[in-house]
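Report on the structure given below.
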Amino acid sequence: MRDLAILGAEPAFPEALHVGRPNLGDRERFVQRVEDIFDRRWLTNNGPYVQGFERLVAERCGVRECIATCNGTIALELLIRGVGMEGEVIVPSYTFVATAHALQWQGIRPVFCDVDPATHTLDPARVEELITPNTTGIVGVHLWGNACDTTALEAVGRKHGIPVIFDASHAFGCRHQGRPIGGFGAGEVFSFHATKVLNCFEGGAILTDDQELAEKLRLMRNFGFESKDNVVYLGSNGKMSEVSAAMGLTSLESVDEFVGINRRNFELYREELRGLTGVRLLEPLHPEGFNYHYVVLEIEGAELSRDQMVQVLEAENVLARRYFFPGVHNMEPYRSLQPMAGLPLPQTARLSDIVMTLPTGTSVGKSEIEVIASIMRAALCRPEQVAEALAVPSGDA
Ligand SMILES: *Cc1c(COP(=O)(O)O)cnc(C)c1O
């Protein structure tokens, strides 16, 4: 049985192992593209790399239009405005805070809805209960890459005459109902932030089959300029730079390899964690169409709590993360603006207490996973000792 750092041993890893360490792709290919950008002196404003990146992303997703942006949050803001949402919009609280901020930033009230405990995505039955005369839309989140129940959500949308869009920030490379994510609802948004499976340093994209909407979004992305001196629309600056697109193209060339590594890691974790009471690995809805970018555990009914387990791992330099703690409705400004928002969210409250994610991606391999699992196993074998060590305030030990 291994010794634990929390009980005084040396940490298992001399350097921190992070959740969300970027996957880099081929450095040579990226540098070649940057040289090319310098030669051409076309740095931004819908350059050739952005156009090429948009074309490839659209093709890969089987969607007509891709509008690349400087990040996923701006992409959400543009799409929300582009489909005409205002007043109130239904959104999960169990998500990254940007999903709600993209609404609140433009004066739209996020109405927080509970999620399905099996998939961690919006529960369509709960959505229906929250519809009021002020509801103008639904924003679903394909959390961890698991698709929302798009059929049920779109049916609710149709019934009430409101658009449904999806925050697909986690879901590049995932499939649903036999086709790629990207083509569901009125539009979908990807994030290509450095920590996501496909990365542009910072970046995002809106995908839609609606060409009229795409036209509007392209104007909004560029201050509303239709031509040189002609502004025809309220716009912002959501443009993706050439260097980000160069990174995106480089990342696209390796994304299948990244997914392969993630999948191998996921299967190793499953093997190594098997039989640990109270430790449940979240399985994908569609194993063959999944990017395995997050290794998600639910720690429930175990001898140690999720928070204790995270602390045990942190002491070993494994920077496991609590997700999405404490739930968006418990963060400002929502906590002050909507103090009662947590009442109808029992699953959100439960999940934000029990969910954690483990490191994966190209910087994690078999030996790291074996060690991480052995740490968890060792801690669960001596829960009293671990709990006692954790109860000592730091500095007094
Ligand atoms: C990363 C993320 C975003 C924000 O994307 P950025 O590109 O970082 O702006 C939005 N929603 C979810 C669910 C995310 O994980």
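The values are calculated or read from the model by the stated rules, or taken from the named source; none is laboratory data. Quick caveat: nothing in here was measured; it's all calculated off a predicted structure. Virtual Cβ from ideal backbone geometry, glycine too; neighbours counted across all protein chains shown. Calculation scope for accessible area: heavy atoms of the full protein, side chains included, ligands and nucleic acids excluded. Shrake-Rupley method; radii C 1.70, N 1.55, O 1.52, S 1.80 Å.
Observations on the structure shown:
- Cα-based shape type of region 10-79, given that a ≥ b ≥ c are square roots of the gyration tensor eigenvalues and the cut on a/c is 1.5: oblate
- For the chain, the relative contact order comes to 23 percent (Cα pairs under 8 Å, sequence separation of at least 6).
- Ligands, DNA and RNA excluded, the heavy atoms of Asp256 present near 100 Å² of accessible surface to a 1.4 Å solvent probe.
- Alpha-carbon radius of gyration plus Dmax, which is the widest Cα pair, for the chain in Å: 22.0, 71
- The largest accessible area among Val328, Val371 belongs to the first residue in Val371, Val328, and the rest follow in falling order (1.4 Å probe, all chains).
- In degrees, nearest ten, helix 27-40 long axis to first principal axis of the chain (Cα): 30
- DSSP finds beta bridges in the chain, and of those with both partners inside it, around 60 percent are antiparallel.
- Helix-only CD estimate at 222 nm, as mean residue ellipticity for the chain, using -39500 (n - 2.57) per DSSP H run (n ≥ 4): -12000 deg cm²/dmol
- A simple packing score, the average count of other Cβ atoms within 10 Å per residue, orders the peptides 181-190, 288-297, 5-14 as 181-190, 288-297, 5-14, with the highest score first.
- Residues in the chain average 44 Å² of solvent-accessible surface per residue, probe 1.4 Å, ligands and nucleic acids excluded.
- Carbon and sulfur %, accessible surface of the chain computed with the full protein complex present, 1.4 Å: 50
- DSSP beta bridges in region 27-250 [antiparallel fraction, %, rounded to 5]: 50
- Between amide H atoms placed 1.01 Å from N, distances below 5 Å from Val295 occur with Leu358, all of them 5 or more places distant or on a separate chain.
- Share of pairwise Cα-Cα distances greater than 20 Å in region 182-300 is 60 percent (whole percent).
- Rounded to whole Hz, the Karplus (6.51, -1.76, 1.60) HN-Hα couplings of region 68-81, x for glycine and proline: 7, 9, 6, 6, x, 5, 5, 4, 4, 4, 5, 5, 4, 5
- Taking amide H as placed 1.01 Å from N in the peptide plane, Arg2 has no amide H partner under 5 Å among residues 5 or more places away or on another chain.
- DSSP beta bridge pairing in region 93-222, given as percent antiparallel to the nearest 5: 50
- Sites Glu35 and Glu128 - FRET efficiency at Förster radius 51 Å, r taken between beta-carbons, to 0.05: 0.40
- Per residue, the average separation of C-alpha pairs within less than 8 Å and at least 6 apart gives region 296-397 a relative contact order of 39 percent.
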